[in-house]
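Data block below; observations after.
Please treat every number below as a calculation from the coordinates, not as lab data. Keep in mind it's a predicted model, so treat the numbers as computed, not measured. Every residue, glycine as well, gets a Cβ built from its backbone with ideal geometry; the counts of neighbours run over all protein chains shown.
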Ligand SMILES: Cc1cc2nc3c(=O)[nH]c(=O)nc-3n(C[C@H](O)[C@H](O)[C@H](O)COP(=O)(O)OP(=O)(O)OC[C@H]3O[C@@H](n4cnc5c(N)ncnc54)[C@H](O)[C@@H]3O)c2cc1C
């Protein structure tokens, strides 16, 4: 029996564990043991069920991610495999509106905007979000020739440079930065487009213009909707998906199916040693040692770095060069009758230009049915990010006070509306930053670890922070190790077509 030691019990580590379980169920002589330093599994995925103060009903509070991108298949596939597909939860799109703060006022994101490119003329022409010169500059995207890229040349650019070049600074400041940079909680002046949204670079090359590219994408989506209308009783397919009991339902179920008895929490891996004959030993914080035939490091890149340093300093250097920023979410619950503002929106984005302490707010109980009992409201504020690391030094009480006051100023929350409760979750160095050079760093890490038998790295620090990407990265590295042992499992993406 070959044993893989998985370090880290976030969704990437659990994705790896599920894949080893699948290999074992197909008759291969493999097993795993998973080591997680926190007292709980799930990593950044954390859902708390908070009883309503009245004793009737409950709130479902997501402290980390609250959804995944529906078009990516890995979460659906795992949900099917683990028997919770029916608990997938679409957003309530009857109330879908995104508000953006601009010059102190909230504006609705114009209908037809895809990422940051308008694809419908009238909503774009009539929105107060942009000035007229700003709109004209954005329209020039139709005429600006694409960047010249020689065949085979690596097309790398920051989000800031790309958006300013194609659509102007106002588009960056008022829309692209909070929308696109916000997903990664990243600085647009440093964020690598090739590592985060390579599709935008491809679109420019293919269509010569982003607006033309997104128009073609919109037409394709409309065509698909016409061709495959929703069947009666089928859940609507919305842009984002969650689970009825919050995102942690997914990781809890993955852990259960893979086998909780093979997972140890509350104990960290302190060091990693190649003990020869293709065997590994890890030393744990409780002083014990564990041996195995393979090791998957599914931790944050900064946590992987000291483990790799004695083995391969070039990998460790590349890991050390992946920066990360800290953030926190603060969820507040209210009585619906007291909030005093229109709740028909999914949330608010606060561009950096507005110089607010709040980065974004989600109207959780509007966006997701069932997140709050009837008559109650659940709102979530997001603070931190690369431009506001200072705020992370504030106490929990201060952060709750700050978010409450930002909700009053920005959303229009009534000053007398007092939270029924608050929940704060801190994510120190929780968001890897895919800065310029990220792909080269990841390629170096992958190339050098590919030739170390039985070793692999997985997780959101490398090829995508989204939850489906993280699952796939865990699965991919299991394949790497199993292939070294002559085990060839059917590729996961082949199954995906069946699952969604
Ligand atoms: C606030 C926030 C909101 C987000 N929102 C979304 C969203 O809505 N949708 C989305 O798709 N993505 C979102 N993301 C990104 C997504 O949550 C992450 O990319 C993803 O959860 C990372 O998973 P992971 O398994 O790679 O890492 P993690 O979840 O970080 O897991 C790594 C684990 O390794 C453990 N570990 C570290 N060192 C050791 C050690 N030495 N020994 C043992 N264990 C160790 C850690 O304790 C941790 O549990 C969000 C992220 C944050 C922070």
Where both residues lie in the chain, what percent of DSSP beta bridges are antiparallel, nearest 5?
70
Quick one: Debye curve from the C-alpha atoms of segment 230-278, no solvent, what's log10 I(q)/I(0) at q = 0.19, 0.22, 0.31 Å⁻¹?
-0.88, -0.97, -1.11
Taking 8 Å as the Cα distance limit and 6 or more residues as the minimum spacing, I'd like the relative contact order of the chain as a percentage.
25
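Return the equivalent ellipsoid semi-axes of the chain as a descending list in whole Å, where each equals the square root of 5 times an eigenvalue of the C-alpha gyration tensor.
The three semi-axes for the chain are 37, 28, 23 Å.
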Once the Cα atoms of helix 198-207 and of the chain are each reduced to a long axis, what angle between those two axes, in degrees from 0 to 90 to the nearest 10, is obtained?
60
When 113, 348, 478 are arranged by how many other beta-carbons sit within 10 Å of their Cβ, fewest first, they go 113, 348, 478
Three semi-axes of the equivalent ellipsoid, segment 183-278, Cα gyration tensor, whole Å, largest first
39, 27, 14
Over all distinct Cα pairs, what is the inverse of the mean 1/r for segment 111-227, reported as the Kirkwood hydrodynamic radius in Å?
14.7
Can you order the peptides 135-147, 8-20, 255-267 by their average number of other Cβ atoms within 10 Å per residue, highest first?
8-20, 255-267, 135-147
Tell me, how many Å apart are the Cα centres for segment 165-196 and for segment 354-397?
21
With equal scatterers on the alpha carbons only and no solvent term, can you work out the Debye log10 of I(q)/I(0) for segment 354-394 at 0.27, 0.32 1/Å?
-0.85, -1.05
Sorted by mean Cβ packing within 10 Å, highest first, what order do the peptides 69-80, 240-251 take?
240-251, 69-80
Please state the relative contact order of segment 1-138 as a whole percent: Cα pairs under 8 Å, 6+ residues apart?
13
Inverse of <1/r> over all distinct C-alpha pairs of segment 97-170, i.e. the Kirkwood Rh in Å, gives 13.8
Does segment 282-329 classify as rounded, prolate or oblate by the C-alpha gyration tensor (a ≥ b ≥ c root eigenvalues; a/c under 1.5 gives rounded; else a/b over b/c gives prolate, otherwise oblate)?
oblate
For segment 253-391 (alpha-carbon point model, no solvent) the Debye-based log₁₀ I(q)/I(0) at q = 0.08, 0.21 Å⁻¹ works out to -0.43, -1.19
Taking Cα atoms, the helix 11-25 axis meets the longest principal axis of the chain at an angle in degrees (rounded to 10) of 50
Calculate how steeply helix 467-484 sits against the longest principal axis of the alpha-carbon atoms of the chain, using the helix alpha-carbon long axis, and give the answer as 0 to 90 degrees to the nearest 10.
20
